[in-house]
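Derivation of every value follows stated rules applied to the coordinates shown; laboratory data play no part. Note that the structure is predicted; figures quoted are calculated from it, not measured. With ideal geometry, Cβ positions are generated from the backbone for all residues, glycine too; neighbour counts draw on all protein chains shown.
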Amino acid sequence: MNVPESPIRVEYDPFGSSDRPRSPKVTSAKRERSFLGRWIRGAFGLVLGAILPFLLLVRLSVFLYAETGWGSWGAVLGAGIATAFLLAFYVWLLRVRLQNRLTVPSAALRWIALVVAAYLVYALVYLSSAQAKTTDVQSGFRDLHPVMRVAVSTILLADRGALVTDLGRTEADYRSWGLPVNEASLHFEQVDGWVHAMDLRTLGRPEWRNRLVHFYFWATGFRTLRHMGTADHLHVSLPLP
């Protein structure tokens, strides 16, 4: 006996059908999340890409000076060359991402080298009076070790409210402050002819900024100490090789 088929058929797919039309609201929400995710990743990449050359310049110069014996100027020069190559890699990467639609001038590498050289000259010779506590600090900037000058100029460029309060010292300075003379202080001129320590103001500044500046110097290889001398400040020093 043949049983007639039921005119009503119910199909059940326990895993859901991939061909089932999706709600416009769900599709729109996923699209928005995807766009937001790409925007966040892109913004993070741009910020990281902008910061990385400065970090490479400072961190590598400290490493070359303190760990490999390249000398004061050799360390700065070597780090500058490495930074120029990093910027050249950025140009190459941008050209690849644009599928070779970007025309790179033949003189691009020379321009990159000039930009890095100009920044090094600025970092090595210039300290704004607005970011030096006294005229003595500003005039004594060139007595600071070249690696430290590059490092502090970089953070002063990013944090316009930062202030250098002290660089080189003499025994008379300690006596005038009523403090015992610290013969081992790196604020004194060292055997290589440079001052290896500086102090930065922390009073009257947001604590999160103080912590970021502290982290920057620590992460790039300097010795750091937040302590009280004549006042609360951040002490930064570059150890001798």
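Below is a table of values for the structure above.
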item	result
Computed label-point distance, nm, for sites GLN190 and ARG110 using a 7 Å Cα→Cβ extension	3.8
Footprinting exposure proxy for ILE112, ILE40 (fewest neighbouring C-beta atoms within 10 Å first)	ILE40, ILE112
Fewest-first sequence of THR220, THR135 by Cβ atoms within 10 Å of each Cβ	THR135, THR220
Between segment 177-199 and segment 46-122, the alpha-carbon center distance in angstrom	32
Approximate spin-label separation THR134-VAL47, in nm, with each point projected 7 Å along Cα-to-Cβ	3.9
Tensor-based shape of segment 188-239 (alpha-carbon gyration tensor, a/c under 1.5 rounded, otherwise prolate or oblate)	oblate
